[in-house]
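Taking it in order: structure first as structure tokens, then the write-up.
The values are calculated or read from the model by the stated rules, or taken from the named source; none is laboratory data. Remember, predicted model here, so these are calculated numbers, not experimental data. As a convention, Cβ positions derive from the backbone with ideal geometry for all residues, glycine included, and neighbour counts pool all protein chains shown.
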Amino acid sequence: MDTATSLGKKRFWVVVADEAKAIVYTQETKSGPLERLLALDNDSERKKTASLIADRGGRSFDSHGKHRHTLAREKADPHRHIAMQFAKNIAERVTGAIQSGECREFSLVAAPRFLGMLRDALAVAGNADPVLTIDKEVVSQEAIVIEKLLAAERQRAHL
């Protein structure tokens, strides 16, 4: 982050994310070009489930009879847990920037399967509401593609 350009300026943020990666862009104006501010990687999301689970689920007897069964189903999905932690990390960055005055307002572009987690995390972190929300997976796209997507959505929403 270039501190000379960010000091004293409230910028618009655009957070583009999925479970594995988030990129935060800034804009001088809502329709200005995107400048990459920072990227966050969730390396744990790329790991196989077996490497994320420390042990197997326990075993239990049925309430009637002598049969046993595994409790593995009752364990939380490790990928979901990691994605929720990543969403929390993103939300804390955004709310911190809003509280410090670095961010004026923000838009959120996230993969549909991750968007709900991110919204929940933002609500918990400080009730930060995005001005614009787009449910598309574009984290690997170039900034120009995201700019066009934002422009089209703002026009549709009359923002």
Checklist outcome for this item: Filter the stretch 103-133 for residues that are surrounded by fewer than 20 Cβ atoms within 10 Å (Cβ to Cβ) and assigned to a strand (DSSP E or B); the one that is farthest from the chain's Cα centre (by Cα) is Arg104
Checklist entry - Among Ala157, Ala110, Ala128, which is modelled with pLDDT under 95, out of contact with any Phe, Trp or Tyr (no Cβ under 6 Å at 6 or more places or on another chain) and under 17 Å from Ala17 (Cα atoms)? => result Ala128
Item to check | In the stretch 134-159, the residues that are surrounded by 13 or more Cβ atoms within 10 Å (Cβ to Cβ) and acidic (Asp, Glu) | outcome: Asp135, Glu137, Glu147, Glu153
Checklist entry - Does the stretch 19-40 hold any residues that are among the charged types (D, E, K, R), within 18 Å of Asp129 (Cα to Cα) and modelled with pLDDT of 90 or more, and which are they? => result none
